[in-house]
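Asker: Please read through the structure below; I'll follow up with questions.
The values are calculated or read from the model by the stated rules, or taken from the named source; none is laboratory data. These numbers come from a predicted model, not from an experiment. Using ideal geometry, Cβ is built from the backbone for each residue, glycine included, and neighbour counts are taken over all protein chains shown. Only protein heavy atoms, including side chains, enter the accessible area calculation; ligands, DNA and RNA are left aside. Shrake-Rupley method; radii C 1.70, N 1.55, O 1.52, S 1.80 Å.
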Amino acid sequence: MTTISGDAAAAFRSLHHVRPWSGPLVLPGPWDAASARAFADAGFRALATPSAGLSAVLGYADGSAPADEMFAAVARIVRAVAADGVMVTADLEDGYGLPPAEFVERLLETGAVGCNLEDSDRVTGLLKDPAEHAERLSRIRAAAGDRLVINARTDTFLRGDRTAPDADPAIARCRLYAQAGADCVFPILAPAELLPEISRAVAAPVNAIALPNGPSPRELGELGAARVTFGGGLHRRTMAAVADMAAALWAQGEAGTA
């Protein structure tokens, strides 16, 4: 079992408050110990596990992996890079319905320095009541003290009308979650053109997701993002390469038996 101290979380928290010209905090998303090592060896000092990638590796659809297996997967990733001082924050969906104190202790046991917590219900897929979710965040903050960096994800853009995106619902939720104790906020899939408005309106660092064919991490930083993550995107890109390799191997085998 690996545990962390408030000093480790404080070090990670400080990385969210950088000068604009330094660029945003870029956190690749490892899905297993081997990919975590690859990112650490490349020079990254902090990583952010994606729930989609971990679920896929464990053999589950995104959102359906059991909590026990997700915590164990996070612990393996932490163990793979901890000796080099690489910090790991974990996407743990909506917290699996665990009581706040139990959730915090189980997360701390993995050695992670932080977590994503989303405001969609894992079972129904619907947005939670913002006040109720803020109350849960405040109880998690109380249980964690300063030992965890909490990234509060809001799914207003994910669940809302993407043809006419509006920043106001996301801003309202992000403000509420920051007041409840979240260290940073994550309006996932917020259109890039709305990031300046959101970052100006919310008194907490803003996490943006980097998407294929979208703005680069540095460009997202220029638009107001203090932190950039990739969701399950890096895992999907890797699996696309594996699929191509598998198809080529199959084709070679078929040719060899013709």
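Asker: So ALA38 passes all but one of these: (1) closer than 24 Å to GLY181 by Cα; (2) aliphatic (A, V, I, L, M); (3) open to solvent by 40 Å² or more (accessible area, probe 1.4 Å). Which condition number does it fail?
Answerer: It fails just one condition, (1).
Asker: Of all residues in the range 43-62, how many are without any contact (Cβ under 8 Å) to a residue 12 or more places away in the chain and under 12 Å from ASP84 (Cα atoms)?
Answerer: 1
Asker: Go through ALA34, ALA48 for me and flag whichever is of a type in the set (A, V, I, L, M) and in contact with a Gly (Cβ under 9 Å, 6 or more places away or on another chain).
Answerer: Result: ALA48 is the single residue among ALA34, ALA48 that is of a type in the set (A, V, I, L, M) and in contact with a Gly (Cβ under 9 Å, 6 or more places away or on another chain).
Asker: More than 22 Å from SER120 (Cβ to Cβ) and either at pLDDT 95 or above or of a type outside the set (Phe, Trp, Tyr) (or both), is that true of PRO187?
Answerer: No.
Asker: In the list ALA164, ALA143, ALA83, which residue meets the criterion of being of a type in the set (Gly, Ala, Ser) and in contact (Cβ under 8 Å) with a residue 24 or more places away in the chain?
Answerer: That would be ALA143, the only listed residue that is of a type in the set (Gly, Ala, Ser) and in contact (Cβ under 8 Å) with a residue 24 or more places away in the chain.
Asker: Same structure again: Which number in (1) within 17 Å of PHE12 (Cα to Cα); (2) under 17 Å from the mean Cα position of the chain (by Cα); (3) open to solvent by less than 50 Å² (accessible area, probe 1.4 Å); (4) not polar (S, T, N, Q) marks the one condition that LEU92 misses?
Answerer: (1)
Here is a yes/no grid of residues against (1) of a type in the set (A, V, I, L, M, F, W, C); (2) under 19 Å from GLY181 (Cα atoms); (3) open to solvent by 20 Å² or more (accessible area, probe 1.4 Å); (4) modelled with pLDDT under 95:
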site: VAL113; (1), (2), (3), (4): yes, yes, no, no
site: LEU127; (1), (2), (3), (4): yes, no, yes, no
site: SER138; (1), (2), (3), (4): no, yes, yes, no
site: LEU148; (1), (2), (3), (4): yes, yes, no, no
site: THR163; (1), (2), (3), (4): no, no, yes, yes
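Asker: From the list ASP68, ASP41, exactly one residue is of a type outside the set (S, T, N, Q) and over 20 Å from LEU98 (Cα atoms). Which is it?
Answerer: ASP41
Asker: Does GLY253 qualify as being more than 22 Å from PHE12 (Cβ to Cβ) and at pLDDT below 95?
Answerer: Judged against the criteria, GLY253 is a match.
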